[in-house]
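The values are calculated or read from the model by the stated rules, or taken from the named source; none is laboratory data. All of these numbers come straight from a predicted model, not from anything done at the bench. We place every Cβ from the backbone using ideal geometry, glycine too, and count neighbours over all the protein chains shown.
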Amino acid sequence: MKKQTQRPIKKDAVLVKTAPNMNRLFAFLADFFIIYLTTNAFVLLYLNLNGVPASEGLNIALISSQQRIIVSLGAIAIALFYTIAIPLLIMPASRRGQTLGKRFLGIRVIAQNGSNVTFKHLFVREFLVVILLEGSISYASSFVQAIMMETPLAILVTPLATFYLLMTISSIGLMFLHPSHRMLHDYLAKTVVVLFDQNKPLPKGTL
């Protein structure tokens with residue numbers, strides 16, 4: 001089996017290494033689990049407050065169509081808060097671009113030009129691409145499909161699931177084939193995931 005290499009990026013005597021695939025994988029699993037728990041806790045609370053007993057679990061079919069849309073939008077908002085607000089507003093400036101999972105695995109997201117990520121970078125990356133385009137790697141995408149089920153777009157839910165899977169497979173393929181381990185959401189958002197070293201400044205050049 002070919003040994004995985006990390007692409008070193010040198011600029012102004014600063015060496016930055018792109019994040020290894022295993023670091024990205026375990027950070028993803030940690031973040032997915034946290035989003036899964038927090039969004040499900042919100043859904044259970046919402047159902048309970050609207051008269052659905054806890055024994056029914058996450059059965060949103062027991063509430064009205066309008067309520068299903070509201071609770072789904074709330075779950076998506078929680079996922080976006082975790083993947084956008086926490087890396088930008090909650091983490092200290094020296095750790096911008098880190099979710100809890102990325103912090104634990106020692107990696108962070110930076111802009112392709114070496115600067116800190118902005119709201120635009122993460123909005124494109126986490127919402128427009130991860131949730132709406134790749135889908136299969138985002139728990140929040142299931143709530144997008146739940147909203148679609150309450151609209152005339154319901155006929156697109158089944159083919160959309162197949163589309164999500166194909167895009168996710170393509171994205172993972174890019175990560176393994178490209179020396180910088182960038183996925184589709186990195187390309188479209190112009191970001192890159194790197195190993196974090198708080199003792200080194202970010203490079204100012206183009207990665």
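So which residues in segment 175-198 are surrounded by 12 or more Cβ atoms within 10 Å (Cβ to Cβ), of a type in the set (S, T, N, Q) and assigned to a loop (DSSP other than H, G, I, E, B)?
S180
For segment 143-174: of the residues being among the polar types (S, T, N, Q) and loosely packed, with under 15 Cβ neighbours inside 10 Å, which is nearest to F28 (Cα to Cα)?
S170
Name the pairs whose Cβ atoms lie under 7 Å apart, with the first residue in segment 90-112 and in contact (Cβ under 8 Å) with a residue 12 or more places away in the chain, the second among the polar types (S, T, N, Q) and in a helix (DSSP H, G or I), and 6 or more positions between them or separate chains?
From residues that are in contact (Cβ under 8 Å) with a residue 12 or more places away in the chain, the pairs are T99/T83; L105/N23; G106/N23; I107/N23.
In the set I76, I60, I86, I69, which member is under 19 Å from the mean Cα position of the chain (by Cα) and under 17 Å from I147 (Cβ atoms)?
On inspection, the qualifying residue turns out to be I76.
Assess whether A54 counts as being within 30 Å of R96 (Cβ to Cβ), of a type outside the set (S, T, Y) and surrounded by fewer than 16 Cβ atoms within 10 Å (Cβ to Cβ).
When the stated conditions are applied, A54 does not pass them.
Can you give me the number of residues within segment 70-102 that are assigned to a helix (DSSP H, G or I), surrounded by fewer than 19 Cβ atoms within 10 Å (Cβ to Cβ) and not aliphatic (A, V, I, L, M)?
4
I need every pair where a residue in segment 56-78 that is farther than 11 Å from Y46 by Cβ has its Cβ under 8 Å from the Cβ of a residue that is exposed (fewer than 14 other Cβ atoms within 10 Å of the Cβ) and acidic (D, E), sequence separation at least 6 or different chains.
Correct list of pairs: L62/E56.
So for segment 60-69 (the condition being in a helix (DSSP H, G or I), over 28 Å from P20 (Cβ atoms), modelled with pLDDT of 95 or more and among the hydrophobic types (A, V, I, L, M, F, W, C)), does at least one residue qualify?
Within segment 60-69, one or more residues are in a helix (DSSP H, G or I), over 28 Å from P20 (Cβ atoms), modelled with pLDDT of 95 or more and among the hydrophobic types (A, V, I, L, M, F, W, C).
Among the residues of segment 116-128, count how many are farther than 16 Å from Y82 by Cβ and either β-branched (V, I, T) or in contact with a Gly (Cβ under 8 Å, 6 or more places away or on another chain) (or both).
3
Conditions (1) modelled with pLDDT under 95; (2) among the hydrophobic types (A, V, I, L, M, F, W, C), marked per residue:
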| site | (1), (2) |
| --- | --- |
| S136 | yes, no |
| M175 | yes, yes |
| H178 | yes, no |
| A189 | no, yes |
| F196 | yes, yes |
| G205 | yes, no |
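Name the one entry in R95, R125 that is modelled with pLDDT under 95 and either under 20 Å from N21 (Cβ atoms) or among the basic types (K, R) (or both).
The conditions single out R95.
Report every pair of residues separated by at least 6 positions or lying on different chains whose Cβ atoms are under 6 Å apart, first residue within segment 133-159 and without any contact (Cβ under 8 Å) to a residue 12 or more places away in the chain and under 19 Å from A41 (Cα atoms), second among the polar types (S, T, N, Q) and assigned to a helix (DSSP H, G or I).
Pairs found: none.
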